[in-house]
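The values are calculated or read from the model by the stated rules, or taken from the named source; none is laboratory data. Here the structure is a predicted model, which means the values were calculated and not measured. Methodologically, a virtual Cβ is constructed for each residue, glycine included, from the backbone with ideal geometry; neighbour enumeration extends over all protein chains shown.
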Amino acid sequence: MDIKNDIYIMKMNDKLYQRLIQSEHIIHAKVESVLGQISSWKYATNELYVPAPYQNELAGLPSGRIRKNVEEKDRLKIAGLYSFGFDAEGKILCSQEAPENIENGIITDIYEYDDAFSYHVYHVKYIPNQYTIIISISYFYSYHEMSIFQGINAYKDWSVYLYEYDKGRISKVHSYASRWGDRAAEEYNFVYDNNILCAIVGEKRLKNGELDIHWKNKKVYNKES
């Protein structure tokens, strides 16, 4: 599947952009409605509950560590603290990063579910009791025997991750962003040991011939395997 030029992906980009535009006037009410539905909060030092599988690892970002002993009333007072809101059934509804100055807005992700598998994520800047600006919108959904996570922003810049599966596990991810232009899509292979993910390895080797190890589980990965 050529994710750079696939007609289905292009049509989905159009749908997502239209959804973004149509949501601009209702997004503030949507954010405040979702915040009112939160049953429990969890906290971390960085992104921990991400919109699609292995987003931190694929982006080369560290995963957050759980922070305990944080009171809900203080969660937006600790700059850089990530808050994750869940409903009574344990489904994530939103995430927020506490800003240095709350008057400048709170970067917030709002989850809107189509069904048990598919959902939209609104990435916004939320200013409490004032207004909300949509930065981008993403969608995670199934496509044949694969799954796709793609998003687009207000400037029509878009990106896509296509997940392939083998025996119920992610085996390969293809990724591309429109800002890459003529650059080829990237491919990553998922390497397992006894059903434990031990590495994410680029399809192409480095110039020196070594494996392009994008991420590795230091506890189980053996570089020479």
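For this structure, a couple of remarks:
- Some residue of the range 55-76 being among the hydroxyl-bearing types (S, T, Y) and crowded, with 16+ Cβ neighbours inside 10 Å: no
- For the range 43-66, the set of residues classified as modelled with pLDDT of 95 or more and in contact with a Ser or Thr (Cβ under 6 Å, 6 or more places away or on another chain) consists of Y43 only.
- The set of residues in the range 145-156 being part of a strand (DSSP E or B) and of a type in the set (A, V, I, L, M, F, W, C) consists of M146, I148, F149, I152.
- Strands (runs of 3 or more DSSP E) (entirely within the range 166-225) containing at least 1 residues that are more than 24 Å from the chain's Cα centre (by Cα) and touching a residue at least 12 places away in the same chain (Cβ under 8 Å): 186-193
- Residue among G209, G202 that is on the phi > 0 side of the Ramachandran plot, out of contact with any Pro (no Cβ under 6 Å at 6 or more places or on another chain) and at pLDDT below 95: G209
- The single residue among S159, S142, S95 that is surrounded by fewer than 16 Cβ atoms within 10 Å (Cβ to Cβ), at negative phi and either part of a strand (DSSP E or B) or at pLDDT below 95 (or both) turns out to be S142.
- Checked against the criterion of being among the hydrophobic types (A, V, I, L, M, F, W, C) and loosely packed, with under 13 Cβ neighbours inside 10 Å, the range 27-47 contains one or more residues that satisfy it.
- When I110 is tested against (1) farther than 30 Å from K172 by Cβ; (2) part of a strand (DSSP E or B); (3) β-branched (V, I, T), exactly one condition is not met: (1).
- Residue selected from the range 98-122 under the condition charged (D, E, K, R) and at pLDDT below 95, by the criterion farthest from the chain's Cα centre (by Cα): E103
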